[in-house]
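Step one of this worksheet: look at the structure below.
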Amino acid sequence: MPRHKIHFVTHNPGKMREAELLFRDYFDLEQVDMTYPELQDDDPSKIAAYGAKYCAEQLDKPVIVEDSGLFVDALRGFPGPYSAYVQHTIGNRGILKLMAGEPNRRAEFRSVVGYCAPGEEPTTFTGVWWGELLTEEVGTNGFGYDPIFSYRRFPVGEMTTEQKNEVSHRTRALLQFREWYENKLSARR
Ligand code: IMP
């Protein structure tokens with residue numbers, strides 16, 4: 001029987017690498033590098049649900065999208081929904097400057113995976129990953145805010161994809177999706 005295929009709509013090769021590793025024994029994943037309108041909302045679940053529905057209808061295929069962000073306690077959740085914009089503008093160094101001298105380094109990554117098939121309503125899966133902001137960039141692995149984030153004193157910029165995949169926000173969201181989707185497929189068989 002041919003393996004089932006899911007389309008992952010993302011520009012981000014780092015997200016694709018992480019998802020491929022988690023799904024490779026279950027189903028095939030194909031990247032679709034397509035731009036879709038991002039709903040302006042503080043709730044990432046609504047953004048992912050809207051994106052998944054839009055892409056499923058446009059492509060006429062079942063898809064997943066993923067929306068994530070970094071929420072820093074001492075900055076009252078900033079950059080949160082503005083994470084992509086802040087990464088492009090002030091970047092990791094800008095966040096480190098805002099955090100200079102701040103003893104409370106707690107931060108969390110959040111990931112929401114949105115799944116939708118054409119003609120259906122979207123479903124979302126959320127994962128959270130607590131850690132701490134470093135005081136300087138460390139390591140060259142991963143992407144985005146990884147070089148300024150550490151988990152249990154281990155800099156994420158020095159983790160392999162496999163190590164990050166054991167604990168990350170995206171893994172938590174993707175694994176929930178994987179389990180839900182496996183059940184959905186076996187109910188159809
Ligand atoms: P988006 O979900 O692609 O809009 O990502 C929001 C921002 O958060 C981007 O700048 C990403 O690089 C960053 N980001 C999302 N997930 C991660 C991660 O796992 N590590 C580091 N940065 C991330």
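The values are calculated or read from the model by the stated rules, or taken from the named source; none is laboratory data. What you see is a predicted model; the values in this text were computed from it and never measured. Cβ: placed from backbone, ideal geometry, glycine included. Neighbour counts: every protein chain shown.
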Entirely in the range 102-189, the strands (runs of 3 or more DSSP E) that have 1 or more residues that are basic (Lys, Arg), within 21 Å of MET16 (Cβ to Cβ) and without any contact (Cβ under 8 Å) to a residue 24 or more places away in the chain: none
Filtered residues of the range 23-40 (kept if surrounded by 15 or more Cβ atoms within 10 Å (Cβ to Cβ) and within 13 Å of the ligand (Cβ to nearest atom)): TYR36, GLU38, LEU39
Residue match in the range 77-88 (condition: away from the ligand (no atom under 14 Å from the Cβ) and at pLDDT below 95): no
